[in-house]
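For reference, the structure discussed in these notes is given below.
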Amino acid sequence: MAEVVQKEGGGKPKGKRRSKRLSAHIDMTPMVDLFCLLLTFFMLTTSMSKPKVMEIVLPEKEDPKEPTKQPEVDSAKALNIILIGDDKVLWYNGLANPAKPPLPRMHETDFSDDGIRQVLLQRNKDLFTKIEQMKSDVVTGKIELHRDSVDAQRKRFMRQDKAGPVVLIKAYEGVKYKNIVDILDEMSITNIALYALIDINDVEKKMVADYMASQGGIAASNK
Amino acid sequence: MGKIKLKKSPPHIDMTPMVDLFCLLLIFFILTARFIPQEAVAVDTPSSVSNKISPDRHIITLTVAKDNKVFFNVDNGVDTSEHLRGNILRAMAYQYQMKFTPEEVEKFEGLQNFSLPMSGMKAFINAESNEERDAMHSGIPMDSTDNQLLYWIRFARNYYNDFEVALKGDRDADYVQIKKVIDILQDNNINKFNLTTNLEEVDIEFDNI
């Protein structure tokens, strides 16, 4: 039990007879209990309230008066992802150029582990294994690297990478915000070095509409 | 032979050092604690693997709710002496030729996020209760004829240049609306910002690829 014990006045009382002082015992248990509870409360609330964020950097907006030339994307590297809402994704390789038919074939997939992630991993295998190998080497202690340097090293690998795809992300009508974050998240999971969030063009709009019409026909016949 | 009598008394444990320590820790945690501010709208953020922690001061928070309403919030600075919210409100009032009394400005500093045009700001500040305020969020005008959101962000950045921006969208908010907000950010030359997300873990097996 917690007590404060007051010491009695030292030495013999001189002359005057003093009444014997009772030591004052203060029971500190309730106070300690309260402190304990408050302490636990504050400790828990402080650490839990930090929200997490995902940082994105966009290219500077183009000045309509002096348009800059868009960087050309190598057709062999381009991987186009079109979000069509309802957690569904369409993707195709290369560039859709109406002047050079046929238009690339659309593939449909979703955000599950075997969905778009596998497509991205297949295309980005070298860079992905390189970075993940480096990360696991750091964890197991094979290479000495400070935690902060891991991210810098990852970025260096990304800059050096030549084989990975250039992912162009586009959103069709009716896409929810969740899917945008999901696809950006897939980019960081699969360590894609180059990706851009761009507006969908008319050719692709038509391609999606055509694709949905053909799928709609199949779905209707299945029912 | 007389038995030796052992003195029976309850064992005394001196708890004073423990209490001292508790006291100090308690004071430390109370002082460092930052409470999650009460928000005018509940937002279910999407999840991502990013584990970057959001800064808790000097941040502009743009919340896009489920019904695509955009809420603006800016914090008041590291301590109350910065009066960031008050100064931004004054700049806005100047822009829209309105007058706020010092009491109103002070009251505004204590309020949270909002989504209403400047014309309704006076009534919003002077509302009796938070329930009353919750009913007032009619949306910040953000079209090309009257882009108030643009000015809120611009004045915030004018006043304090290192404001970071967090975009906190609901899972079910439309991308079109988010895109509009991003466009406004880019019109203000903000090309780097944060998307508030929940943390989610993923594991990818090496052999699977």
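Which of A:LYS125/A:LYS205; A:LYS206/B:LYS179; A:LYS162/A:LYS205 have a Cα-Cα distance over 32 Å?
Where the Cα-Cα span goes over 32 Å, no listed pair is concerned, since all stay within it.
Give the distance, in whole Å, between the Cα centre of the range A:109-167 and the Cα centre of the range B:151-183.
30 Å
Shielding by partners for A:185-194, please: the mean number of other protein chain Cβ atoms within 10 Å of each residue's Cβ.
2
In the range B:122-176, which GluC sites (Glu not before Pro) are in a loop and have at most 16 other Cβ atoms within 10 Å, using DSSP for the loop call?
Passing both the DSSP loop test and the Cβ count: B:GLU128.
For the pairs A:LYS155/B:LYS168; A:LYS176/B:LYS180; A:LYS77/A:LYS176, flag any whose C-alpha to C-alpha distance is greater than 18 Å.
The pairs that break the limit, which is 18 Å between Cα atoms, are A:LYS155/B:LYS168; A:LYS77/A:LYS176.
If you plug each phi of the range A:173-186 into the Karplus form 6.51 cos²θ - 1.76 cosθ + 1.60 with θ = phi - 60°, what whole-Hz ³J(HN,Hα) values come out, in order, with x for Gly and Pro?
Those phi angles translate into 5, x, 7, 8, 4, 4, 5, 5, 5, 4, 6, 5, 5, 4 Hz.
How many partner chain Cβ atoms sit within 10 Å of a residue's Cβ in peptide B:109-122, on average, as a whole number?
Per residue, the average neighbour count from other chains is 0.
Please identify every one of the trypsin sites (Lys or Arg not before Pro) in the range A:98-170 that sits in a loop by DSSP and has no more than 12 other beta carbons within 10 Å of its own beta carbon.
Here the sparse-neighbourhood loop sites are A:ARG105, A:LYS142, A:LYS162.
Efficiency by 1/(1 + (r/R0)^6): what FRET value for B:GLN112 and A:ALA99, r their Cβ-Cβ distance, R0 = 45 Å, to the nearest 0.05?
In this case the efficiency is close to 0.25.
Got a sec? How would A:TRP91, B:TRP152 order by Cβ neighbour count within 10 Å, fewest to most?
With the fewest neighbours first, A:TRP91, B:TRP152 line up as A:TRP91, B:TRP152.
Which of the GluC sites (Glu not before Pro) across the range A:126-218 are loop residues per DSSP, with 10 or fewer other Cβ within 10 Å?
Counting only loop positions with at most 10 other Cβ atoms within 10 Å, the GluC sites (Glu not before Pro) in the range A:126-218 are A:GLU144.
So what J values fall out for the range B:14-23 if you push phi through Karplus, 6.51 cos²θ - 1.76 cosθ + 1.60 with θ = phi - 60°, rounded to Hz, Gly and Pro as x?
Couplings: 7, 8, 3, x, 4, 4, 4, 5, 4, 4 Hz.
So if R0 is 45 Å, what FRET efficiency would A:GLU62 and B:ASP134 give, r being the distance between their Cβ atoms, rounded to the nearest 0.05?
Efficiency, from the Cβ-Cβ distance: 0.70.
Would you calculate the separation in nanometres between label points at A:MET158 and A:THR129, each defined as 7 Å from the Cα along the Cα-to-beta-carbon direction?
2.2 nm
How high is the FRET efficiency between B:ILE27 and B:VAL202 when r is their beta carbon distance and R₀ equals 30 Å, given to the nearest 0.05?
0.15
Could you rank the peptides B:116-123, A:188-195, B:5-12, A:175-182 by their average count of other C-beta atoms within 10 Å per residue, with the highest value first?
So the order, starting with the most tightly packed, is A:175-182, A:188-195, B:116-123, B:5-12.
How many partner chain Cβ atoms sit within 10 Å of a residue's Cβ in peptide B:167-176, on average, as a whole number?
Shielding by partners across B:167-176 averages 5.
Just to be sure I understand the model, the point goes 7 Å from the Cα along the line to the Cβ. What's the resulting B:LEU6 to B:LYS122 distance in nm?
My value for the distance between the label points is 8.3 nm.
Test of understanding: ordering B:SER50, A:SER149 by Cβ neighbours within 10 Å, fewest first, what list do you get?
The order, fewest Cβ neighbours first, is A:SER149, B:SER50.
Just so you know, all these numbers are worked out from the coordinates, no wet-lab data involved. Just so we're clear, the structure is a prediction, and the values are computed from it rather than from any experiment. We place every Cβ from the backbone using ideal geometry, glycine too, and count neighbours over all the protein chains shown.
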